[in-house]
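The values are calculated or read from the model by the stated rules, or taken from the named source; none is laboratory data. Quick caveat, the model's predicted, so the values are computed rather than measured. Because the Cβ atoms are built from the backbone with ideal geometry, glycine has one as well, and the counts that use them run over all protein chains shown.
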Amino acid sequence: MVDDQFGETLYLDKYTKYNEADLEALFLALKENVKQAVNAGFSKAYVQFESTMDPYEDYEGPVVVQIRGGRVLNQAELEERQEQERIARLACDLDVTFFEASTIDRLQKLGKIARV
C-alpha cells in the first residue's frame with residue numbers, strides 16, 4: 001500500500017471570495033472526488049490542503065488541494081520495490097552506499113566484474 005494522489009491538483013486562489021453557495025459547491029466537488037477515489041480503489045481517501053508559501057516569502061500563494069489515499073502497488077511497482085530492497089541488502093552486506101551497490105550490481109549483470 002502506498003499513499004498516492006487521485007486526480008488533478010486544485011489551486012484555491014487567495015483572492016477568491018467564497019459565498020455560501022460557492023463554498024457548498026466546492027465541498028460537494030471535493031466530496032464527489034473523494035467518492036470517486038474510493039470507487040477507483042483508494043483506501044482511506046482524504047482531502048489535503050497545503051500552503052504554497054515558503055517561510056522566507058513576503059506574499060501568499062494559492063492553497064493546493066489534493067485528494068489522496070492509499071492504493072495497492074501494481075506489479076511493476078512491486079518489482080521495483082523488491083529490486084531496491086535487494087540492492088539495499090547488497091549495500092549493507094558490502095558496507096557501501098546504495099549508489100555504489102547499484103553500480104556493482106549493474107556491472108555484475110553486464111559480466112564486467114565477478115559476483116561478490
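Annotations
- Screening Gly70 against (1) within 26 Å of Val2 (Cα to Cα); (2) surrounded by fewer than 13 Cβ atoms within 10 Å (Cβ to Cβ) leaves a single unmet condition, (2).
- Segment 45-61, subset modelled with pLDDT of 90 or more and either surrounded by 15 or more Cβ atoms within 10 Å (Cβ to Cβ) or touching a Lys or Arg at 6+ places or on another chain (Cβ under 9 Å) (or both), residue nearest to Met1 (Cα to Cα): Ala45
- Set Val64, Val34: member being in a strand (DSSP E or B), free of Cβ contacts under 8 Å to residues at least 60 places away in the same chain and surrounded by 11 or more Cβ atoms within 10 Å (Cβ to Cβ): Val64
- Yes/no for Tyr56 being more than 21 Å from the chain's Cα centre (by Cα), under 30 Å from Lys17 (Cα atoms) and among the hydroxyl-bearing types (Ser, Thr, Tyr): yes
- Segment 6-31 - residue that is touching a helix residue (DSSP H, G or I) at 6+ places or on another chain (Cβ under 9 Å) and in contact (Cβ under 8 Å) with a residue 40 or more places away in the chain and, of those, nearest to Asn74 (Cα to Cα): Phe6
- Top-ranked residue of segment 76-88 - restricted to ones that are surrounded by 11 or more Cβ atoms within 10 Å (Cβ to Cβ) and not hydrophobic (A, V, I, L, M, F, W, C), ranked as farthest from Arg115 (Cα to Cα): Glu77
- Residue check for Gly41: assigned by TED's automatic domain parsing to the domain that holds Lys14, in a loop (DSSP other than H, G, I, E, B) and exposed (fewer than 13 other Cβ atoms within 10 Å of the Cβ): yes
- Subset of segment 94-112 (residues that are loosely packed, with under 12 Cβ neighbours inside 10 Å, on the phi < 0 side of the Ramachandran plot and modelled with pLDDT under 95): Lys109, Leu110, Lys112
- One residue from Arg115, Arg89 being in a loop (DSSP other than H, G, I, E, B) and free of Cβ contacts under 8 Å to residues at least 60 places away in the same chain: Arg115
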